[in-house]
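The values are calculated or read from the model by the stated rules, or taken from the named source; none is laboratory data. The structure displayed is predicted, hence computed values, not measured ones. Cβ: placed from backbone, ideal geometry, glycine included. Neighbour counts: every protein chain shown. We work out accessible area using only protein heavy atoms, side chains counted, and drop any ligands, DNA or RNA first. Shrake-Rupley method; radii C 1.70, N 1.55, O 1.52, S 1.80 Å.
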Amino acid sequence: MKSFRFVLNLTVATLIGGLVAVGHAEDGVTKDEIKIGSFGPLAGPVYMYGKLAMNGLEALFDKVNQEGGIHGRKLKLVREDDACKPEGGIAAVKKLIYDDKVFAINGGGCSNSTLAARPEIVKAGIPFVVNSAVADGISSPPTPNIFTTQLTATIESRAQLKYALEQKAKKVALVAQHDAWGRSRYEPMMTALKEQSIKPVSDEEMTIDQNDGTAQALKLMQTGADAVLLIVYPKPAAVLIRDSLKLGYKPLWIGQTAIQDLPQLQEQVGIPGALEKFVSIATIPAHPDDPEMAEWRERIKKLFPNDALSVFNLMGIGSGMVVVEALKRAGADLTREKFLKAMGSIKNFKTGMYPGPITCKPPASNQCNQSVGWIKFGDGKPKSAGVTTLD
Amino acid sequence: MRAVVSHRALLVVLFAVLAVLPVVANQYTLFVGNLLMLYMILALGLNLLVGFAGQLAFANAAMYGIGAYGAALLQVRLGLSYWLAAPCGAVLAMAIGTLLAFPALRLSGIYLALATLAFAQFTQWVLLHWNSVTFGAGGFPVPQPEFSALGMSPDRGIYYVSWVVTVVLLAFAWRVVRSRVGRAFVAMRDREMAAQALGVGLLRYKAMAFALSGFYAGTAGALYPAVLAYVSPEGFDLFQMVLHKAMIVVGGMGSIAGSVIGASLLVYLLEVLRQFKATQEIVFGALLLAFVLFQPRGLVDFLKRSVPGWSEPLHYASDSESAFDVAVADELVTGSRGGADR
Amino acid sequence: MLVLSYLLVTGITTGALYALVALGIVVVYKATEVVNLAHGELFMMGGFLAYTLHVMVKLPYVPSVLLAVAGSFAIGILTDRVAFRPLMKEGLVSVLLATIGISFILKGVARVLWGGKGDYLAFPPLVSPEPMRIGNVMIMSQQLVVLLAALAVMLVFAAFFKTTRAGKFMQATASNPKAAALVGIHVSRVYMYTFGVGAAVAGASAVLMAPLTLLYPDIGFPLFIKGFAAAVLGGLTSVPGAIIGGLLVGILEQLAAGFIGTAIQDVSAFIVIMFALIFLPTGILGMRGTRKI
């Protein structure tokens, strides 16, 4: 009967998990602690947007706690994996809200899982600040409890296209990943192209694991595209740029926020001078190796000895800074309502982690980040190429 | 008869607990409970195909996806009500599943595995690229069916629907394996040639096995949009396939109770694994390995040996294979002579 | 014409990647009749080991590669000990699931150790990173290295199976393990070395391919699945078949991308596999029937 009881115990344990649901004033806040939840992929091909962003958040919380916390309360990060899947997103968010009982959520690594979880977040009214996912549908139509410190796919797509037109591109082409990530950008890009009544001369596809881009490069070259909008990850981008160079084809490459570690991209392409005509959008004001990031390099090293400070860490840190600021402004008597009000009051807040200041404008828009920072690569290091602020 | 009671008792207790879950559990636990029942259906269907009929197919997650997309798209694109769209989704998966029986006539083992795997990858590709129908990789929200007439929230309402469907499909699977069809499956798995010689029509029974398993996966799929209110391709990828396979191996190949136990254990473990944050892949891999190593015939085998009175007939090829074959052949011959199910 | 020649050459160079992966799969399958689903992860581990030694510890290229290959060999032997030897009798599904378990463990370990160093790690090529001209076609020098390596490994294996005692032991074990044991072949030792050799091939190819594929914890599976397809197309048991299967898959992908559309590139191999298996179940150079009685 031992194993019979074992299986029974499993179900009973699950049951009891549900029973311990004694409500109190505000979830996730005690006299000396505030629980902040985060969800995103902890494993799998896009773990960077979950695990690494959370590592950044943890480094930030560690710093805040060292400095005495917020109104005497220490910050505690609760991580949940969404495996980058809809059922994972819903389960992770429900767990954070009803089981872990966190005060607020700062996360969202994958567009589809976050979109799937949005109805639950809206229903529960828990404050949610998006740090990585870019799908427009996550933060719009605006709802009082969801803010984002990340750019949206529409903002980025419009900016990419605008840049191409400013550089007097005559023939614009498009190379995209048609997975969930790519799709959340591809559609807004198509809309942006339509707005400008531009028909792309070529619309090619690459996958995240593709090891050769010759076929795509040939097609682009045949159509004579002079600017190529890249909706791909760094690996396919590196492969495509490499194989285009091989063919002697050098258009203007315009990337987006998935490709913002340009020294690394240069290494990935391997051919010297490969990024002469490459530009991308940065969510960060400086490269992780730059002097102004020294403090965070050390903090990440301290907590995660195997890691090096990455762009993804910085996404978590920047977004977390906005949450921390709102927690401070909400005062010692912390409630979700006060926190949301404080989020709404953030104007021109400089984190040093985004190319421009953070301004939330509820109720019209909870899109708190409007700065598109352009980066290029030259003389062996990344350089800022200006900031476009949208209104 | 006391013997038969034991494994049934376990299932009765399990489903009794699941029945009262909505009353006592929070929404997270309710959601996981509902997913669990979907996985039970998936594991039952896969076990009929792999564990009983011996067809090493890798398309279960694709069938699950076809059921889910069928049910969801019929609602969103054609405006059908959920109650009409859901059975259509399940039947669609069954129809496509049946077609897989044709390659299975010529292929077995690792070759059948790869052919069905290729089919699964192709299905993923269609879901990702047929934008005008499937909405592509971005997925789409699906309205949940209403239960306000019963005074229930959609989450709770669909939970009870899943409960009833799971119980019905469990009972049905039970009947199938104890019928002549089930015996033919086992015979086909253990000695295909011998089974054929004894009059088991391979095409007919392979088609039946694939159809049944397609229907089960499709039914789980049809419940999916109602439970999640959202459908996108990554819910039906290769990891799902691995998960379904793991469930039947951990529970016990060729065992109905094993399918349910395996699904319960894996869903439970996956939720517990959330605690391991950074190292959950390692822990998941290690658990999988440990189970296969130390309990290669699944938990039911362990239960059978250690629980007095646990007497579910286990349909794997036993150590004395030939004796088993003779028994099966006997049973078959008797079955066909009698012409009835028992 | 230039486009076609580019597509063909590219097909061959990417096909060489698949062929190298397929070779490891075939060697293991030939002796054990099992497909190691963690083969892609063995490849990934070999690459990361070399990265650690060469890029992080800054050892010279050759010793780094040798040590990485030795490390892969050890992981291969471990796979045999843990997942194959105890489960041989339990059947295919158990072994497959055990190797899936191993692949999860290896991926998880890689993510903890190297996953925080950047999204896709670059590994220095053996030859110049600049492209070179062959006829009127430019190709990456490293791609040529991979292609030559694939051919070299094929020749070594072909010679090994034909001429050496160990190779003959392996084949004997594969065709009839009981008879092999009766004539005094230490069957389980043969299995163990087979797994080791398969993994060592994966490790060696990882070092050569890493400059082209880049290194990341999830690199293994997509390569494995293409390599597996190549191996099946070549018949699963044939060493030259693995090379031909790999090149075919590579060329097919390029032609599909070039003449049908780049959207179909990734899935084209699977469509062909599906039909090839149904209508040509023994593969191109396969020797065994589809159904064992």
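Descriptive notes on the structure:
- Pairs, first at the interface with chain A (Cβ under 7 Å from one of its Cβ atoms) in segment B:10-38, second of a type in the set (Lys, Arg), C-beta under 6 Å, six or more apart: B:27/A:94; B:28/A:94; B:28/A:95; B:31/A:94
- Qualifying residue in segment A:288-298 (condition: touching an Asp or Glu at 6+ places or on another chain (Cβ under 6 Å) and either surrounded by 21 or more Cβ atoms within 10 Å (Cβ to Cβ) or outside any helix (DSSP H, G or I) (or both)): no
- Residue C:172 vs. criteria over 25 Å from residue C:18 (Cβ atoms), open to solvent by 40 Å² or more (accessible area, probe 1.4 Å), at pLDDT below 85 and of a type in the set (A, V, I, L, M, F, W, C): no
- Scanning segment B:102-115 for residues that are in contact (Cβ under 8 Å) with a residue 60 or more places away in the chain and touching a Leu at 6+ places or on another chain (Cβ under 7 Å) returns B:104, B:105.
- Evaluation of residue B:314 against the conditions (1) within 10 Å of chain C (Cβ to nearest Cβ); (2) modelled with pLDDT under 90; (3) within 26 Å of residue B:41 (Cβ to Cβ) shows that the sole unmet condition is (1).
- Residue within segment C:223-244 that is more than 16 Å from residue C:24 (Cα to Cα) and either β-branched (Val, Ile, Thr) or crowded, with 24+ Cβ neighbours inside 10 Å (or both) present: no
- Restricting attention to segment B:55-80, the residues that are over 14 Å from the mean Cα position of the chain (by Cα) and touching a residue at least 60 places away in the same chain (Cβ under 8 Å) add up to 9.
- Within segment C:103-130, tally of residues that are assigned to a loop (DSSP other than H, G, I, E, B) and within 9 Å of another protein chain (Cβ to nearest Cβ): 11
- Scope segment C:38-53; condition buried (at least 22 other Cβ atoms within 10 Å of the Cβ) and over 24 Å from residue C:252 (Cα atoms); matching residues: C:38, C:41, C:42, C:44, C:45, C:46, C:47, C:48, C:49, C:50, C:51
- Yes/no for residue A:57 being within 30 Å of residue B:237 (Cβ to Cβ), touching a strand residue (DSSP E or B) at 6+ places or on another chain (Cβ under 7 Å), assigned by TED's automatic domain parsing to the domain that holds residue A:28 and open to solvent by 20 Å² or more (accessible area, probe 1.4 Å): no
- Filtering segment B:106-126 to residues that are open to solvent by 50 Å² or more (accessible area, probe 1.4 Å) and of a type outside the set (Phe, Trp, Tyr) leaves only B:106.
- Single residue of segment A:175-209 satisfying the filter (within 14 Å of chain B (Cβ to nearest Cβ) and part of a loop (DSSP other than H, G, I, E, B)) that is nearest to residue A:40 (Cα to Cα): A:179
- For segment B:253-265, a residue qualifies if it is at pLDDT below 90 and open to solvent by 10 Å² or more (accessible area, probe 1.4 Å), and exactly one does: B:253.
- Some residue of segment C:131-149 being at pLDDT 85 or above, away from every other protein chain (no Cβ under 14 Å) and either farther than 25 Å from residue C:62 by Cβ or open to solvent by less than 40 Å² (accessible area, probe 1.4 Å) (or both): yes
- Residue A:210 vs. criteria in the same structural domain as residue A:268 (by TED's automatic domain parsing), farther than 25 Å from residue A:316 by Cα, polar (S, T, N, Q) and surrounded by 19 or more Cβ atoms within 10 Å (Cβ to Cβ): yes
- Across segment B:127-150, the number of residues qualifying as more than 9 Å from chain A (Cβ to nearest Cβ) and surrounded by fewer than 17 Cβ atoms within 10 Å (Cβ to Cβ) comes to 8.
- Filtered residues of segment A:219-233 (kept if facing another protein chain (nearest Cβ under 10 Å) and open to solvent by 10 Å² or more (accessible area, probe 1.4 Å)): A:219, A:221, A:222
- Candidates A:72, A:40, A:44, A:56, filtered to the one that is more than 11 Å from every other protein chain (Cβ to nearest Cβ), under 25 Å from residue A:232 (Cβ atoms) and not polar (S, T, N, Q): A:40
- Take the conditions (1) within 24 Å of residue B:245 (Cβ to Cβ); (2) surrounded by fewer than 23 Cβ atoms within 10 Å (Cβ to Cβ); residue B:41 misses just one of them, which is (2).
- Residue within segment B:288-295 that is under 19 Å from residue B:33 (Cα atoms), buried (at least 18 other Cβ atoms within 10 Å of the Cβ), touching a residue at least 24 places away in the same chain (Cβ under 8 Å) and not aliphatic (A, V, I, L, M) present: no
- Within segment B:296-311, being over 16 Å from residue C:98 (Cα atoms), assigned to a helix (DSSP H, G or I) and open to solvent by less than 20 Å² (accessible area, probe 1.4 Å) holds for B:300, B:301, B:303.
- Within segment C:67-97, the residues that satisfy the criterion of being part of a helix (DSSP H, G or I), within 18 Å of residue B:291 (Cβ to Cβ) and out of contact with any Ser or Thr (no Cβ under 9 Å at 6 or more places or on another chain) are C:81, C:82, C:89, C:90, C:92, C:93, C:94, C:96, C:97.
- Members of segment C:54-78 found to be open to solvent by 30 Å² or more (accessible area, probe 1.4 Å) and under 22 Å from residue C:158 (Cβ atoms), listed by number: C:69, C:73
- The set of residues from segment A:324-380 being in a strand (DSSP E or B) and open to solvent by less than 10 Å² (accessible area, probe 1.4 Å) comprises A:358, A:369, A:371, A:372, A:373.
- Residue pairs meeting the criteria (Cβ under 7 Å; at least 6 apart or on separate chains; first within 9 Å of chain B (Cβ to nearest Cβ) and under 17 Å from residue B:130 (Cα atoms), in segment C:258-275; second of a type in the set (A, V, I, L, M) and surrounded by fewer than 24 Cβ atoms within 10 Å (Cβ to Cβ)): C:264/C:256
- So residue B:205, is it open to solvent by less than 40 Å² (accessible area, probe 1.4 Å), assigned to a helix (DSSP H, G or I) and on the phi < 0 side of the Ramachandran plot: yes
- Being under 22 Å from residue B:304 (Cα atoms), of a type in the set (Ser, Thr, Tyr) and open to solvent by 20 Å² or more (accessible area, probe 1.4 Å) holds for only one residue in B:81, B:6, and it is B:6.
- Helices (runs of 4 or more DSSP H) contained entirely in segment C:180-255, each with at least 1 residues that are away from every other protein chain (no Cβ under 14 Å): C:187-213, C:239-255
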